[in-house]
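See structure below.
The values are calculated or read from the model by the stated rules, or taken from the named source; none is laboratory data. Values in this document were obtained by computation on a predicted structure and should not be read as measured data. Neighbour counts run over all protein chains shown; Cβ positions are idealised from the backbone, glycine included.
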Amino acid sequence: MDLSNARWRKSTRSGTSGGDCVEVADNLAGVIAVRDSKDPAGPVLAFAPAAWRSFVGSTKRP
């Protein structure tokens, strides 16, 4: 997976004091990439856009 053009943004749900930060790149064609901001060269999880929408939608429900 080519991540050279990924524009990473920090999740608004990431903690600010404990260093628990998740970054998401949603500007790539056909994939949503997720990584740990403390390890930007480390592993990346890749999701199909529909799977990502489903995941995010389920986290917003009460």
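Counting just the residues of segment 1-10 that are in contact with an Asp or Glu (Cβ under 7 Å, 6 or more places away or on another chain) and either at pLDDT 90 or above or part of a loop (DSSP other than H, G, I, E, B) (or both), which one comes out surrounded by the fewest Cβ atoms within 10 Å (Cβ to Cβ)?
Filtering segment 1-10 for residues that are in contact with an Asp or Glu (Cβ under 7 Å, 6 or more places away or on another chain) and either at pLDDT 90 or above or part of a loop (DSSP other than H, G, I, E, B) (or both), the one surrounded by the fewest Cβ atoms within 10 Å (Cβ to Cβ) comes out as ARG9.
Mind listing whichever residues of segment 40-62 are within 13 Å of TRP8 (Cα to Cα) and surrounded by fewer than 10 Cβ atoms within 10 Å (Cβ to Cβ)?
Across segment 40-62, the qualifying residue is only ALA41.
What pairs can you find where one residue is in segment 34-62 and farther than 20 Å from CYS21 by Cα, the other is surrounded by 10 or more Cβ atoms within 10 Å (Cβ to Cβ) and hydrophobic (A, V, I, L, M, F, W, C), and their Cβ atoms are less than 9 Å apart, with a gap of 6+ or different chains?
ALA48/VAL31; ALA48/ILE32; PRO49/VAL31; PRO49/ILE32; ALA51/ILE32
Determine, yes or no, whether ALA51 is modelled with pLDDT of 90 or more and part of a helix (DSSP H, G or I).
In short, yes.
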